[in-house]
């Protein structure tokens, strides 16, 4: 509870800074198949290049180094390298049996980086957010256009996979659980269910952050919900924040953040991409330009937490932190809860 109270105190005092992209930073190391395998998996029968979550086991020094770079850039909250680290997504690499271990070790790495930073900077408090991604299977949509009622996974299977992930994250030292990049709210509900079940089973309670993804100009999630409907669907989790990340750059995200700021009684988070990808799939928006754009959200009084998603680096986070520090955080409005 001490860390939860410290987090709320931070959010009341100023706009908190979330870190930037993990995948973008990993790409800078130009890792090959052998690097992903390491010594432990050198004879593994499946290709594993691209399984970034595995790097917490095979290249832990790289992951901790990335965390440290974001902390030095001004991040208050660093996310664990666990975006796809649950059994269902890890099945792509035949590594579902490693789900708990990957989450445990990833959280330990982030915890070590945060503790190391705090020891070197007495008085500063840094938080580890256990990153819980959207999964590669969806509960709301059929993978077969010819059979719209078909689902490749059940709610119970999704919840069970998330429960195992949450167990690893909490045991590894996460202060917060971040259910992020939500394009299917039913998947998120399974994650929320698993989170609450884990809390009940172990008599703990950590802050929950929720971050959805608006996929296009329609203002809806991939599974078809409006932003307001999405917020109503997840507010029973009693999250400390609801926000948006990924899919859009700050320009495209602006109207949705403005809407969100007037919809929810909790804190608002925002971590957009570094613009939209170019024809090569790369992100060109400079730290200075991105920082100016998200600072407009802060100036308008719309946000409480801000960071970066795809294409962002410690330079982006450093620039964002410098720009938003002149603005006060959004005040929580007095709104009626739909769960009351």
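Take the conditions (1) within 29 Å of residue 288 (Cα to Cα); (2) touching a residue at least 24 places away in the same chain (Cβ under 8 Å); residue 121 misses just one of them, which is (2). From the residues in region 196-209 that are in contact with a helix residue (DSSP H, G or I) (Cβ under 6 Å, 6 or more places away or on another chain) and not in a loop (DSSP other than H, G, I, E, B), which one is surrounded by the most Cβ atoms within 10 Å (Cβ to Cβ)? Selected residue: 208. Answer yes if at least one residue in region 85-94 is under 16 Å from the mean Cα position of the chain (by Cα) and either assigned to a loop (DSSP other than H, G, I, E, B) or surrounded by fewer than 20 Cβ atoms within 10 Å (Cβ to Cβ) (or both), and no otherwise. Yes: one or more hits. Within region 34-54, being within 18 Å of residue 105 (Cβ to Cβ), without any contact (Cβ under 8 Å) to a residue 40 or more places away in the chain and part of a helix (DSSP H, G or I) holds for 35, 36, 37, 52.
When region 269-298 is filtered for residues that are over 20 Å from the mean Cα position of the chain (by Cα), assigned to a loop (DSSP other than H, G, I, E, B) and crowded, with 19+ Cβ neighbours inside 10 Å, only 285 remains. When each of 30, 81, 52 is tested for being under 15 Å from the mean Cα position of the chain (by Cα) and surrounded by fewer than 24 Cβ atoms within 10 Å (Cβ to Cβ), the lone residue that passes is 52.
Please work out if residue 10 is more than 17 Å from the chain's Cα centre (by Cα), part of a helix (DSSP H, G or I), closer than 30 Å to residue 297 by Cα and modelled with pLDDT of 95 or more. Let's see the steps before the verdict.
Numbers: more than 17 Å from the chain's Cα centre (by Cα): yes; part of a helix (DSSP H, G or I): yes; closer than 30 Å to residue 297 by Cα: yes; modelled with pLDDT of 95 or more: yes.
When the stated conditions are applied, residue 10 passes them.
Here residue 193 qualifies as touching a helix residue (DSSP H, G or I) at 6+ places or on another chain (Cβ under 6 Å) and outside any strand (DSSP E or B). Checking each residue in region 16-30 for being under 24 Å from residue 271 (Cβ atoms) and either free of Cβ contacts under 8 Å to residues at least 40 places away in the same chain or out of contact with any strand residue (DSSP E or B) (no Cβ under 6 Å at 6 or more places or on another chain) (or both) picks out 17, 20, 21, 22, 23, 24, 25, 26, 27, 28, 29.
Picking from residues in region 118-151 that are surrounded by fewer than 19 Cβ atoms within 10 Å (Cβ to Cβ) and outside any loop (DSSP other than H, G, I, E, B), the one that is nearest to the chain's Cα centre (by Cα) is 118.
Against the criterion of being under 24 Å from residue 177 (Cβ atoms), touching a strand residue (DSSP E or B) at 6+ places or on another chain (Cβ under 6 Å) and surrounded by fewer than 24 Cβ atoms within 10 Å (Cβ to Cβ), residue 246 qualifies. Residue 115: touching a residue at least 40 places away in the same chain (Cβ under 8 Å) and in a helix (DSSP H, G or I), yes or no? It is false that residue 115 is touching a residue at least 40 places away in the same chain (Cβ under 8 Å) and in a helix (DSSP H, G or I).
The values are calculated or read from the model by the stated rules, or taken from the named source; none is laboratory data. Predicted, not measured: the structure shown is a model, and the values here were computed from it. Every residue, glycine among them, receives a Cβ derived from its backbone with ideal geometry; neighbour counts consider all protein chains shown.
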